[in-house]
Amino acid sequence: MAESQLSSKHVLGIKYLNINDINLIFETADNFKEVINRPIKKVPSLRDVTVANLFFENSTRTRISFELAEKRLSADIVNFSASSSSVKKGETLLDTVNNILSMKVDMVVMRHPAPGAPAFLANHIDASIINAGDGTHEHPTQALLDAYSMREKMGDLAGKKIAIFGDILHSRVALSNIFCLQKLGAEVTVCGPPTLIPKNIDKLGVGVEYNVKKTLEWCDVANILRIQLERQDIKYFPSLREYAQYFGINKKLLNGLNSEVIIMHPGPINRGVEITSDVADSDQSIILQQVENGVAIRMAILYLLAAQR
């Protein structure tokens with residue numbers, strides 16, 4: 001049986017969670033999944049808890065998923081979007097947070113373009129911090145919902161072969177996924193153009209492959225990442241058309257395999273670039289299950305952190 005509480009008062013990255021933490025989050029999410037499929041989807045678990053959502057970077061899916069999770073748990077919510085705030089007028093991160101804390105906030109969900117920003121906050125303020133993505137560093141809740149979705153489909157992940165395709169270099173999802181899957185005993189390979197695979201990533205104990213067909217033949221699950229054009233300051237490949245031709249995943253490729261691979265994508269999808277619509281919308285795809293599981297996983301994390309306060 002897993003421990004009944006998390007080993008930390010924050011969720012800053014998968015790196016800082018142990019296997020008991022991950023299993024506890026999954027068990028708690030199982031219970032909340034039942035809640036969100038009921039006619040009345042609310043529970044009063046966080047009735048006296050105030051959560052601030054601090055998004056210093058654009059986000060639609062993660063922000064909505066966290067907001068929905070908070071509302072399902074009956075928390076009070078403060079939403080803060082930096083693009084329309086005093087940050088533009090030069091206010092520092094600590095000023096912003098101290099102002100929000102003076103409103104007596106218990107938990108902060110934070111997305112920030114600077115790697116390490118949530119950890120910096122955790123050292124300076126008393127609230128529990130949940131990292132909703134920091135630069136190209138980590139995105140722990142995405143990795144947890146991805147692993148949870150795989151586990152729901154295949155059972156225990158020990159010994160399973162997971163391939164992560166696409167823009168590994170600019171992706172915080174890839175790093176968190178690698179840490180999480182390895183803690184759960186899975187084998188991980190990354191696949192993409194050489195320019196989008198970080199140097200020395202093999203030192204993390206992952207396989208590196210540049211041939212999409214060969215990787216698809218090896219893996220049980222293909223987690224396909226978006227090409228992050230907004231983070232690319234130089235050209236990493238000649239054109240999107242060429243990327244789609246050599247590294248995109250389409251139905252013809254999948255139909256040529258000996259076994260059926262589970263298809264995942266953290267979204268938003270560039271349809272026709274890293275994945276074609278007929279793959280994204282196929283029976284092999286669990287992309288919509290990932291979205292549903294995202295709410296359950298985030299409810300579990302909010303609930304477990306609140307229980308420690």
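The values are calculated or read from the model by the stated rules, or taken from the named source; none is laboratory data. Computed from a predicted model, the values in this text were never measured in an experiment. Note that each Cβ is placed from the backbone with ideal geometry, even for glycine, and that neighbours are counted across all protein chains shown.
Annotations
- Consider the range 273-309 and keep the residues that are in a loop (DSSP other than H, G, I, E, B) and modelled with pLDDT of 95 or more. The one that is nearest to residue 76 (Cα to Cα) is 286.
- When we screen 39, 44 for residues that are out of contact with any Phe, Trp or Tyr (no Cβ under 9 Å at 6 or more places or on another chain) and either under 26 Å from residue 287 (Cα atoms) or acidic (Asp, Glu) (or both), the only hit is 39.
- Matching option when the condition is outside the structural domain of residue 219 (by TED's automatic domain parsing) and surrounded by 13 or more Cβ atoms within 10 Å (Cβ to Cβ), among 297, 275: 297
- Scan of the range 147-170 for residues that are touching a strand residue (DSSP E or B) at 6+ places or on another chain (Cβ under 8 Å) and among the hydroxyl-bearing types (Ser, Thr, Tyr), ordered by number: 149
- Within the set 108, 97, the sole residue that is in contact with a strand residue (DSSP E or B) (Cβ under 6 Å, 6 or more places away or on another chain) and under 22 Å from residue 308 (Cα atoms) turns out to be 108.
- Qualifying residue in the range 236-243 (condition: buried (at least 20 other Cβ atoms within 10 Å of the Cβ), assigned by TED's automatic domain parsing to the domain that holds residue 194, in contact with a helix residue (DSSP H, G or I) (Cβ under 8 Å, 6 or more places away or on another chain) and not in a helix (DSSP H, G or I)): no
- Check on residue 65, touching a Gly at 6+ places or on another chain (Cβ under 9 Å), within 26 Å of residue 289 (Cβ to Cβ) and touching a residue at least 60 places away in the same chain (Cβ under 8 Å): yes
- Taken over the range 10-29, the criterion of being touching a Lys or Arg at 6+ places or on another chain (Cβ under 8 Å) and either surrounded by 13 or more Cβ atoms within 10 Å (Cβ to Cβ) or outside any helix (DSSP H, G or I) (or both) is satisfied by 14, 17, 18, 22, 26.
- Of all positions in the range 155-165, at least one carries a residue that is more than 16 Å from the chain's Cα centre (by Cα), of a type in the set (A, V, I, L, M, F, W, C) and more than 27 Å from residue 270 (Cα to Cα).
- Test result for residue 45, surrounded by 12 or more Cβ atoms within 10 Å (Cβ to Cβ) and under 23 Å from residue 152 (Cβ atoms): yes
- Taking each residue of the range 234-245 that is without any contact (Cβ under 8 Å) to a residue 60 or more places away in the chain and looking for partners that are polar (S, T, N, Q) with beta-carbon atoms closer than 8 Å, six or more apart or interchain, yields 237/195; 240/270.
- Where a residue in the range 201-220 is assigned by TED's automatic domain parsing to the domain that holds residue 154 and its partner, wherever it lies, is in a helix (DSSP H, G or I) and of a type in the set (D, E, K, R), with Cβ under 6 Å and at least six apart: 208/202
- Pair list, Cβ < 9 Å and 6+ apart or interchain, from the range 99-117 residues that are over 20 Å from residue 61 (Cα atoms) to residues that are of a type in the set (Phe, Trp, Tyr): 100/80; 117/56
- Within the range 149-201, the set of residues being among the charged types (D, E, K, R), part of a strand (DSSP E or B) and in contact with a Lys or Arg (Cβ under 8 Å, 6 or more places away or on another chain) comprises 187 only.
- Enumeration of residues in the range 75-118 that are modelled with pLDDT of 80 or more, assigned to a strand (DSSP E or B) and not hydrophobic (A, V, I, L, M, F, W, C): 76, 79, 111, 112
- Filtered residues of the range 30-62 (kept if closer than 18 Å to residue 75 by Cα and part of a loop (DSSP other than H, G, I, E, B)): 40, 41, 42, 43, 44, 45, 46, 47, 48, 49
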